[in-house]
Amino acid sequence: MNTVLRSPIAIEEFDSSFFAQETDEVYALPPACFTDEAFFQFELNAVWKKQWFCVGRANDIPKAGDYFTFEVGDDALLAIRTREGHVNVLSNVCRHRNMLLLEGAGNVRRISCPLHAWVYNMEGELVSAPGLTDSGADFDPKSVCLPKIRTEVWEGFVFITYDALAPSLSSRLGHLATQLSNYRMRDLYASEPLKMESFDWNWKIFNDECYHCSFLHASSWGAMYDTRPDTVDEHVAFNDLPNGIVSYNLISPHMDAAPTNTGSILQPPMDGLTEQERTQLSYVTIAPNLLLVAMPDKVKYFMWLPKSANQSTYGVSWLYPQSTLERDDHLEKFHTEHDDLYPVMIEDLFAWRRSHMGMKSQFSSRGRLTNQELVIKRLQNWLIEQYRAEDARAAKQQAVLPIEAIA
């Protein structure tokens, strides 16, 4: 029987953070949701072990044997391109003595343990184990395999789920793929591969909204791109809360506007976009951990993964058509835009760090959310639905367990 957990925070405590209509009074999640390790373990079950979530880009591992590693909680995992061309996500832990197998990113012919040279193929099957497979021992290597995580590639993004019974990813994101079809995301490539960095705050801190833009970023982003409340549209067609899709648009002051010091995109606009798509920036969060920003010249994405209640990893990458990457001036313009936006990122890091610090205080509170935080209200609703479902599963399991098992 799968382990399920009751919420360490009474599930009724979330009622004031859940809204049914926009006129509701809605409050932030309890601070303990961001700092308590017991709640983090509950949340791993409720969200990360039940839902599809993104772990990277398939185009970052284009050749057979290309791989990257990552962590979800305490699980060390790797994504690898097979000789047949598909992407596998496997446990990155040797089945012999639990040594971590690969580090970082790179290319391998086979997956070899650095401790005792146990070797696995790209399907995770054990190929050789010195002292066993070469000694005549009564040992069948076919009985050993790295656990394989259920994987689907959506628009070039690699998603995984631990839940064998979860509906297919395409059933969840198929409509969004149609809505974003003009951006042809599966055919976009990064100037630089995604690099995940470690930070000392909870993964939910990264959840996006633009209420803060006119304040925290008033002199940085605000000097390049208008973010007054009347330019933020949270009632866009991308929103699909049952499927964990939450979105808003920034309405541009002119065609091909962008947050650069010129006020416009620096790279060529992408072919095939409509006039409307070239006069907006579309922010689309696919809960729990992927934010897409569809722009006239590119698609940026932000991805984060949980490590513990007080630790997470986070990365950002910018995706372009191959024709843009091949331009002689691409890298120069890429670095110019990166430098233009650098102060904005520094401000975000400052805010995320200090927000998490405040969550730990005995004086932390659950502030009332404003009408300009519909994105956060929607994300809270989606999360609370996952919390309620997990708590209900645990309550049902406890009801059928014998008394001694509960004790």
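Couple of notes before you dig in:
- Residue of Glu347, Glu277, Glu209 that the Gaussian network model of the chain assigns the largest fluctuation, springs spanning Cα pairs under 10 Å: Glu347
- Gain on full extension, evaluated as 0.36 nm per residue between Ala166 and Leu100 minus their Cα-Cα distance, stands at 20.9 nm.
- Label of the coordinate-derived value, Rg/Rh (Cα atoms, Kirkwood Rh), listed as (1) 0.99; (2) 1.06; (3) 1.02: (1)
- Shape call, the range 53-157: gyration tensor on alpha carbons, a/c limit 1.5: prolate
- Label separation (Ala10 vs Ser219): 4.6 nm, computed from points 7 Å beyond Cα along the C-beta direction.
- Computed about the Cα centre, the dipole magnitude for the range 2-126 is approximately 1120 debye when only Lys and Arg (+1) and Asp and Glu (-1) carry charge, each at its Cβ.
- Only lysines eight or more places from Lys396 in sequence, or on another chain, were considered; those with a Cα closer than 19 Å are Lys49, Lys50.
- Of Asn88, Asn98, Asn207, the residue with the greatest mean-square motion in the GNM of the chain, using alpha carbon springs below 10 Å, is Asn98.
- Note on Lys142: aspartates and glutamates with a C-alpha under 17 Å away, same-chain residues under 8 apart excluded, are Glu123, Glu125, Asp134.
- Proximal lysines to Lys333, defined as alpha-carbon separation beneath 18 angstrom and excluding residues fewer than eight positions away on the same chain: Lys298, Lys300
- When only the Cβ of Lys, Arg, Asp and Glu is charged (+1, +1, -1, -1), the dipole of the chain relative to its Cα centre reaches about 980 debye.
- The range 53-157, dipole about Cα centre (Lys/Arg Cβ +1, Asp/Glu Cβ -1), debye to the nearest 20: 200 debye
- Cβ-based charge dipole, the chain, positive-most Cα from Thr324, Leu341, Ala58: Ala58
- FRET efficiency estimate (nearest 0.05) - Cβ-Cβ, Asp200 to Asn371, R0 35 angstrom: 0.65
- Residue order, fewest to most beta carbons within 10 Å, for Lys148, Lys307: Lys148, Lys307
- Dipole of the range 74-118, positive end: most advanced residue of Leu101, Ile111, Val89 [Cβ charges, Cα centre]: Ile111
- Positive-end residue of Ala237, Tyr67, Val284, charge dipole of the chain with Cβ unit charges: Tyr67
- Pairwise label distance in nanometres, Leu115 with Ala137, each label 7 Å out on the Cα-Cβ vector: 1.4 nm
We did not get these values from a lab; they are worked out from the coordinates using the rules stated. Just so it is clear, the structure is predicted and the values come from calculations on it, not from any experiment. Every residue, glycine as well, gets a Cβ built from its backbone with ideal geometry; the counts of neighbours run over all protein chains shown.
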